[in-house]
1. Against the longest alpha carbon principal axis of the chain, how many degrees, from 0 to 90 and to the nearest 10, is the axis of helix 24-37 turned?
2. Where in the chain lies the longest segment free of chymotrypsin sites (Phe, Trp or Tyr not before Pro) that are both loop residues by DSSP (not H, G, I, E, B) and have at most 15 other Cβ atoms within 10 Å?
3. With the contact rule set at Cα under 8 Å and sequence spacing of 6 or more, what percent relative contact order holds for the chain?
4. Restricting to DSSP loop positions (anything but H, G, I, E, B) with no more than 10 other Cβ atoms inside 10 Å of their own Cβ, which GluC sites (Glu not before Pro) remain in the stretch 47-126?
5. Starting from the exponent 0.38 and prefactor 2.2 Å, build the expected Rg for the stretch 86-165 from its residue count and divide its actual Cα Rg by it.
6. Over all Cα pairs of the stretch 16-81, how is the pair count split among 10 Å bins, expressed in % and running from 0 up to the last occupied bin?
7. Which lysines, if any, have their Cα less than 30 Å from the Cα of Lys57, not counting same-chain residues under 8 positions apart?
8. With axes computed from alpha carbons, what is the tilt in degrees of helix 189-199 against the longest principal axis of the chain, rounded to the nearest 10 within 0 to 90?
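Coordinate-derived values only; no laboratory data. What you see is a predicted model, and the numbers here were worked out from it, not measured in a lab. Ideal geometry is used to build each Cβ from the backbone, glycine not excepted, and the neighbour counts take in all protein chains shown.
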Amino acid sequence: MDIQTTSESKFVVSDAVFGVPFNEPLVHQVVTAFLAGARAGTKAQKTRAQVRGGGRKPWKQKGTGQARAGTIRSPLWRKGGRIFAAVPRDHGQKVNKKMYRGALRAIVSELARQGHLLVAEDFQMEAPKTRGLLEKLSQLNASDILIVTDSVDRNLQLSSRNLPHVDVTDLAGINPVSLLSREKVLMTSAVVKKLEAWLS
């Protein structure tokens, strides 16, 4: 399969990685699991047993005309505990390596088919200038883009941090959500070769 490059030439890649059909249920499952794993899950509330106080019976059982009560920390009372208290938990979902890599293959294949995957021989900034990066991106007709380089260039990172629709990462930082969050994805040729070897 051929992928369009920034120099209008073609970059040949393997159909086994960049030519697979788009598996929407698999991609949805992997993206959902990835987002679920990012949840903190630290919400916590106290039950009636955990709320401080309430050790003494407020009034005697009979003879007062009041409804019987055993503790002032009842969930029905103000400052009482919660009936079904939230507890810290892990929202993570299990995803096999085979499923994860299959979803990545489906995503990069669909990006290549739609012409949203660009390959550059090299993409660096000589100086940390946002204006210079904008000029480069305007030549590519890409304002909403994810740039993936072999190793994160300090100048490129500084040039892009004030641009809300431009993300910069390396191969280790690629994930299904980052690939789908931008309109276009620009990878260097070295990244494409390593990604092809990893997903093969």
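1. Approximately 60 degrees, to the nearest 10.
2. For chymotrypsin sites (Phe, Trp or Tyr not before Pro) (loop position, at most 15 other Cβ atoms within 10 Å), the longest site-free span of the chain is 85-200.
3. Working: 315 pairs, mean separation 49.3, N = 200.
The value is 25 percent.
4. Working: sites: Glu110, Glu121, Glu126; in loops: Glu121, Glu126.
The qualifying sites are Glu126.
5. Normalised Rg, Cα atoms only: 1.48.
6. Values per bin, smallest distances first: 16, 23, 15, 12, 12, 12, 6, 3, 0.
7. Once the sequence-local lysines are set aside, what remains near Lys57 is Lys46, Lys79.
8. That works out to roughly 50 degrees.
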